[in-house]
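Okay, so here's the structure we're looking at.
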Amino acid sequence: PNVDDWANSDCIQNIVREGLRKHSLISHVLRVVDRDIHTKSTEMSTKKASADFIIPKGSTVVVCFPSIQCSPEYYKNPDTFDPSRWVNPSKETMDAFMPFSLGRRTCIGQRLAYSNMHTVIARLAAEYNWEIEVEGNVCVGLSIHQKGTRFVAKKIDSQLN
(Lines give C-alpha, C1' and ligand atoms only; values in the text may rest on other atoms or scores of the structure.)
Protein backbone atom coordinates (compact mmCIF):
# COMPACT_ATOMS: atom_id res chain seq x y z
CA PRO A 1 0.00 0.00 0.00
CA ASN A 2 1.07 3.58 -0.58
CA VAL A 3 1.46 6.23 2.12
CA ASP A 4 -2.05 7.66 1.57
CA ASP A 5 -3.61 4.21 2.01
CA TRP A 6 -1.65 3.73 5.23
CA ALA A 7 -2.51 7.18 6.59
CA ASN A 8 -6.23 6.49 6.20
CA SER A 9 -6.12 2.94 7.54
CA ASP A 10 -7.81 1.83 10.75
CA CYS A 11 -4.51 0.23 11.77
CA ILE A 12 -2.63 3.56 11.79
CA GLN A 13 -5.55 5.32 13.51
CA ASN A 14 -5.51 2.68 16.28
CA ILE A 15 -1.73 2.95 16.66
CA VAL A 16 -1.95 6.74 16.97
CA ARG A 17 -4.81 6.50 19.46
CA GLU A 18 -2.96 3.96 21.60
CA GLY A 19 0.23 6.02 21.47
CA LEU A 20 -1.67 9.09 22.67
CA ARG A 21 -3.31 7.04 25.43
CA LYS A 22 0.00 5.68 26.70
CA HIS A 23 1.97 8.90 26.29
CA SER A 24 -0.21 11.92 26.95
CA LEU A 25 0.66 15.13 25.18
CA ILE A 26 -0.11 17.05 28.36
CA SER A 27 0.08 15.75 31.91
CA HIS A 28 -2.78 17.75 33.40
CA VAL A 29 -5.05 20.77 33.11
CA LEU A 30 -6.37 23.14 35.74
CA ARG A 31 -9.95 24.33 35.51
CA VAL A 32 -11.90 26.74 37.70
CA VAL A 33 -15.42 25.48 38.33
CA ASP A 34 -17.99 28.07 37.16
CA ARG A 35 -20.93 26.61 39.14
CA ASP A 36 -21.48 24.23 42.04
CA ILE A 37 -21.18 20.63 40.87
CA HIS A 38 -23.10 17.94 42.77
CA THR A 39 -21.62 14.50 42.29
CA LYS A 40 -20.92 11.15 43.93
CA SER A 41 -17.58 9.67 44.80
CA THR A 42 -16.90 6.15 43.58
CA GLU A 43 -14.54 3.61 44.97
CA MET A 44 -12.58 2.35 41.96
CA SER A 45 -11.97 -1.04 43.56
CA THR A 46 -15.65 -1.72 44.33
CA LYS A 47 -17.37 0.59 41.80
CA LYS A 48 -19.87 1.50 44.55
CA ALA A 49 -20.97 5.09 44.99
CA SER A 50 -20.41 6.74 48.35
CA ALA A 51 -21.96 9.92 49.73
CA ASP A 52 -22.82 12.92 47.57
CA PHE A 53 -20.39 15.79 47.62
CA ILE A 54 -20.21 19.27 46.13
CA ILE A 55 -17.38 20.89 44.22
CA PRO A 56 -18.07 24.57 45.01
CA LYS A 57 -18.11 27.28 42.37
CA GLY A 58 -14.67 28.93 42.15
CA SER A 59 -12.77 25.74 43.09
CA THR A 60 -9.74 24.76 41.05
CA VAL A 61 -9.92 21.21 39.72
CA VAL A 62 -6.90 19.34 38.40
CA VAL A 63 -7.50 16.71 35.71
CA CYS A 64 -4.54 14.34 35.42
CA PHE A 65 -4.76 12.70 32.00
CA PRO A 66 -2.17 9.91 32.47
CA SER A 67 -3.94 8.66 35.60
CA ILE A 68 -7.22 8.42 33.67
CA GLN A 69 -5.82 7.10 30.39
CA CYS A 70 -3.76 4.42 32.14
CA SER A 71 -6.44 3.36 34.62
CA PRO A 72 -7.45 -0.31 34.81
CA GLU A 73 -10.98 0.96 35.44
CA TYR A 74 -11.19 1.97 31.76
CA TYR A 75 -8.46 -0.07 30.04
CA LYS A 76 -7.67 -3.77 30.38
CA ASN A 77 -3.89 -4.20 30.85
CA PRO A 78 -3.32 -0.43 30.79
CA ASP A 79 0.49 -0.68 30.82
CA THR A 80 0.50 -2.71 27.61
CA PHE A 81 0.71 -0.99 24.22
CA ASP A 82 -2.25 -2.62 22.46
CA PRO A 83 -3.72 -0.83 19.41
CA SER A 84 -6.34 -3.58 19.08
CA ARG A 85 -8.14 -2.17 22.14
CA TRP A 86 -9.48 0.51 19.74
CA VAL A 87 -11.13 -1.92 17.30
CA ASN A 88 -14.48 -1.92 19.17
CA PRO A 89 -13.92 0.26 22.26
CA SER A 90 -16.56 0.57 24.96
CA LYS A 91 -18.24 3.89 25.73
CA GLU A 92 -16.25 4.07 29.00
CA THR A 93 -12.99 3.56 27.12
CA MET A 94 -13.82 6.33 24.65
CA ASP A 95 -15.01 8.69 27.43
CA ALA A 96 -11.71 8.23 29.29
CA PHE A 97 -9.67 9.04 26.17
CA MET A 98 -8.92 12.77 26.03
CA PRO A 99 -5.42 13.43 24.71
CA PHE A 100 -6.33 16.95 23.58
CA SER A 101 -8.64 17.74 26.52
CA LEU A 102 -12.40 18.02 26.08
CA GLY A 103 -15.21 20.51 25.89
CA ARG A 104 -15.02 24.12 24.87
CA ARG A 105 -11.32 24.30 25.74
CA THR A 106 -10.24 21.34 23.64
CA CYS A 107 -7.15 21.86 21.51
CA ILE A 108 -8.07 23.71 18.33
CA GLY A 109 -5.17 22.09 16.48
CA GLN A 110 -6.09 18.46 17.15
CA ARG A 111 -7.34 17.73 13.61
CA LEU A 112 -4.08 19.02 12.15
CA ALA A 113 -2.11 17.04 14.74
CA TYR A 114 -4.00 13.83 13.92
CA SER A 115 -3.52 14.39 10.20
CA ASN A 116 0.22 14.94 10.65
CA MET A 117 0.64 11.95 12.98
CA HIS A 118 -1.21 9.62 10.59
CA THR A 119 0.83 10.81 7.60
CA VAL A 120 4.22 10.67 9.35
CA ILE A 121 3.61 7.26 10.92
CA ALA A 122 2.30 5.91 7.61
CA ARG A 123 5.39 7.15 5.77
CA LEU A 124 7.73 5.71 8.42
CA ALA A 125 5.88 2.37 8.36
CA ALA A 126 5.95 2.22 4.55
CA GLU A 127 9.62 3.13 4.16
CA TYR A 128 11.40 1.54 7.16
CA ASN A 129 11.64 -1.69 9.12
CA TRP A 130 11.76 -0.97 12.87
CA GLU A 131 13.36 -2.91 15.72
CA ILE A 132 13.75 -2.16 19.40
CA GLU A 133 17.43 -2.65 20.19
CA VAL A 134 17.29 -1.60 23.86
CA GLU A 135 14.02 -1.53 25.87
CA GLY A 136 14.76 1.30 28.35
CA ASN A 137 12.70 2.38 31.36
CA VAL A 138 9.66 4.54 31.95
CA CYS A 139 10.52 7.84 33.68
CA VAL A 140 7.90 9.90 35.47
CA GLY A 141 8.45 13.62 36.02
CA LEU A 142 6.87 16.60 34.33
CA SER A 143 6.20 14.17 31.50
CA ILE A 144 6.05 10.40 31.24
CA HIS A 145 8.60 9.07 28.77
CA GLN A 146 10.91 6.19 27.95
CA LYS A 147 14.54 6.72 28.86
CA GLY A 148 17.29 4.63 27.35
CA THR A 149 15.16 3.08 24.62
CA ARG A 150 16.90 2.67 21.29
CA PHE A 151 15.10 2.01 18.01
CA VAL A 152 16.85 0.89 14.86
CA ALA A 153 15.30 1.89 11.54
CA LYS A 154 16.42 0.24 8.33
CA LYS A 155 15.35 1.78 5.04
CA ILE A 156 13.32 -0.59 2.91
CA ASP A 157 14.88 -1.05 -0.53
CA SER A 158 12.15 0.29 -2.83
CA GLN A 159 13.50 -1.75 -5.77
CA LEU A 160 12.48 -4.96 -3.98
CA ASN A 161 8.79 -3.90 -3.86
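The values are calculated or read from the model by the stated rules, or taken from the named source; none is laboratory data. All figures in this text were calculated on a predicted structure; none of them were measured in a lab. Cβ sites come from the backbone with ideal geometry, for glycine too, and all protein chains shown count toward neighbours. Protein only, heavy atoms only, side chains kept; ligands, DNA and RNA dropped before computing areas. Shrake-Rupley method; radii C 1.70, N 1.55, O 1.52, S 1.80 Å.
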Above-threshold pairs, the threshold being 30 Å between Cα atoms, out of Lys40/Lys147; Lys22/Lys154; Lys22/Lys91; Lys22/Lys57:
Lys40/Lys147; Lys22/Lys57
Which value, in debye to the nearest 20, describes the size of the charge dipole of segment 14-139 about its Cα centre when Lys and Arg Cβ atoms bear +1, Asp and Glu Cβ atoms bear -1, and nothing else is charged?
640 debye
Heavy-atom accessible area ranking, 1.4 Å probe, most first, across Trp86, Trp130:
Trp130, Trp86
